[in-house]
Amino acid sequence: MEEWFSMGRVGSGKLKYFISTIAGIIIGCVIGSSMIIALVSYRIDKYYEEIRKLNIAIEAKDERLKKLEQSINRHKLILKDVEIVLIHEGDEIDKITIEKYAEEKYCKLVGREVKTIDIDIIGEIIDGRIFKVTNKEYKLKVAKMFLSDVLKIWIETKLINDA
């Protein structure tokens, strides 16, 4: 019987060691994860503060930009956009291609003072040109133009050659 108790003591020592090891691992995981959570939440708070500061700076800069644009616009009329209205009967893909081509020709004018833009020369940039799209040739004609802070141009297309 003494052997039985002595074996039980050895077994209970191993059990205590096993329980202590598991408890240590669990406590280590809890402490480690708590430290990681604290570190991550600290960094998130810092990033949140940084985002708020940047948003405030952006709002201040936007307000300043609006005031500058208003003061500039009081003195000078600046071309802000170019709008192309294409009068085209035919393929929609050809229409989009011709519109893109016309916008590329006129996009360099954006930002210039309207008084310095010669409307006659603007019309001649596209007027009378022959534009080739997928084995088709179109002759472009400027129907009318309107110039304010937005340059609006109506362009008619006429199919010349359909190969």
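The values are calculated or read from the model by the stated rules, or taken from the named source; none is laboratory data. None of these values were measured; they are calculated from a predicted model. Just so you know, the surface numbers come from the protein's heavy atoms only, side chains and all, with ligands and any DNA or RNA stripped out. Shrake-Rupley method; radii C 1.70, N 1.55, O 1.52, S 1.80 Å.
General observations
- Surface share of carbon and sulfur [accessible, 1.4 angstrom probe, percent] for region 26-126: 60 percent
- Amide H contacts of His88 (H built 1.01 Å from N, under 5 Å, at least 5 apart or other chain): none
- Heavy-atom accessible area, probed at 1.4 angstrom with all protein chains present, ranks Thr157, Thr21, Thr116 as Thr116, Thr21, Thr157, highest first.
- Alpha-carbon centroids, region 18-89 and region 95-163: separation in whole Å: 41 Å
- For region 148-160, 3J(HN,Hα) computed residue by residue from phi via the Karplus equation (6.51, -1.76, 1.60; θ = phi - 60°) reads 9, 6, 10, 8, 10, 10, 9, 10, 9, 10, 10, 6, 9 Hz, glycine and proline entered as x.
- Once C-alpha pairs closer than 8 Å and six or more residues apart are averaged by separation and normalised to the residue number of the chain, the relative contact order reads 21 percent.
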